[in-house]
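**Q** Quick one: the structure is below, questions incoming.
The values are calculated or read from the model by the stated rules, or taken from the named source; none is laboratory data. What you see is a predicted model, and the numbers here were worked out from it, not measured in a lab. With ideal geometry, Cβ positions are generated from the backbone for all residues, glycine too; neighbour counts draw on all protein chains shown.
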Amino acid sequence: MYISGYAIGGIAMTFMTAFFGIVITMLRAEWKRFKVLKKAQAALTRDRIVRAHERLTVRMRVTHAELRAIEELYGAYADLGGNGYIEDLMKDIRALEIINTYQEGE
């Protein structure tokens, strides 16, 4: 049985089209999953900063270690595309008295 070069080329082209169609579909699904995970990570990071703000503004002071950790969270949140609401909370936190360690009674 003889198959012409054109037939083989057509078969190869059909295979390649199907293959790339599958790859593109998989990439789209992964991109959608990535966006959902990014949104979830931003929400979790925002929640951590909000809770820290609530705790620290009641206490009216922050340790160096706490401030450094919150600044790292804020940097990640901003890199994830966070909004200005958290920036306002960070201004409040940065304005608190900075202490070296937890003081007795806390």
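**Q** Is it the case, given these coordinates, that residue 98 is of a type in the set (Val, Ile, Thr), on the phi < 0 side of the Ramachandran plot and part of a helix (DSSP H, G or I)?
**A** The answer is no for residue 98.
**Q** Could you grab me the full set of residues in segment 28-43 that are closer than 21 Å to residue 73 by Cβ and either among the charged types (D, E, K, R) or within 8 Å of the chain's Cα centre (by Cα) (or both)?
**A** Within segment 28-43, 35, 37, 38, 39, 40, 41, 42 qualify.
**Q** In segment 81-98, which residue that is over 22 Å from residue 39 (Cβ atoms), of a type in the set (A, V, I, L, M, F, W, C) and in contact with a helix residue (DSSP H, G or I) (Cβ under 8 Å, 6 or more places away or on another chain) is surrounded by the fewest Cβ atoms within 10 Å (Cβ to Cβ)? Explain how you work it out, then say what you get.
**A** Taking segment 81-98 as the starting set, the residues that turn out to be over 22 Å from residue 39 (Cβ atoms) are 91-98.
Then keep just the ones that are of a type in the set (A, V, I, L, M, F, W, C); that gives 93, 95-96, 98.
Among the residues that remain, those that are also in contact with a helix residue (DSSP H, G or I) (Cβ under 8 Å, 6 or more places away or on another chain) are: 93, 96, 98.
Working: 93: 19, 96: 16, 98: 13.
Selected residue: 98.
**Q** Residue by residue through segment 43-67, note down the ones that are out of contact with any Asp or Glu (no Cβ under 6 Å at 6 or more places or on another chain) and not in a helix (DSSP H, G or I).
**A** 60, 62, 63
Yes/no per residue for (1) within 24 Å of residue 97 (Cβ to Cβ); (2) basic (Lys, Arg); (3) surrounded by 11 or more Cβ atoms within 10 Å (Cβ to Cβ); (4) in contact (Cβ under 8 Å) with a residue 40 or more places away in the chain:
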position: 9; (1), (2), (3), (4): no, no, no, no
position: 29; (1), (2), (3), (4): no, no, no, no
position: 35; (1), (2), (3), (4): no, yes, no, no
position: 65; (1), (2), (3), (4): yes, no, yes, no
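**Q** Quick check: is even one residue across segment 30-38 modelled with pLDDT under 95 and of a type in the set (A, V, I, L, M)?
**A** no
**Q** Cβ-Cβ under 7 Å, sequence separation 6+ or interchain: first residue in segment 75-90 and over 17 Å from residue 55 (Cβ atoms), partner exposed (fewer than 15 other Cβ atoms within 10 Å of the Cβ). Which pairs?
**A** Going by the 7 Å Cβ cut-off, the qualifying pairs are 80/38; 80/41.
**Q** For segment 68-80, state whether one or more residues are of a type in the set (Ser, Thr, Tyr), in contact with a helix residue (DSSP H, G or I) (Cβ under 9 Å, 6 or more places away or on another chain), assigned to a helix (DSSP H, G or I) and modelled with pLDDT of 95 or more.
**A** Yes, because at least one residue in segment 68-80 is of a type in the set (Ser, Thr, Tyr), in contact with a helix residue (DSSP H, G or I) (Cβ under 9 Å, 6 or more places away or on another chain), assigned to a helix (DSSP H, G or I) and modelled with pLDDT of 95 or more.
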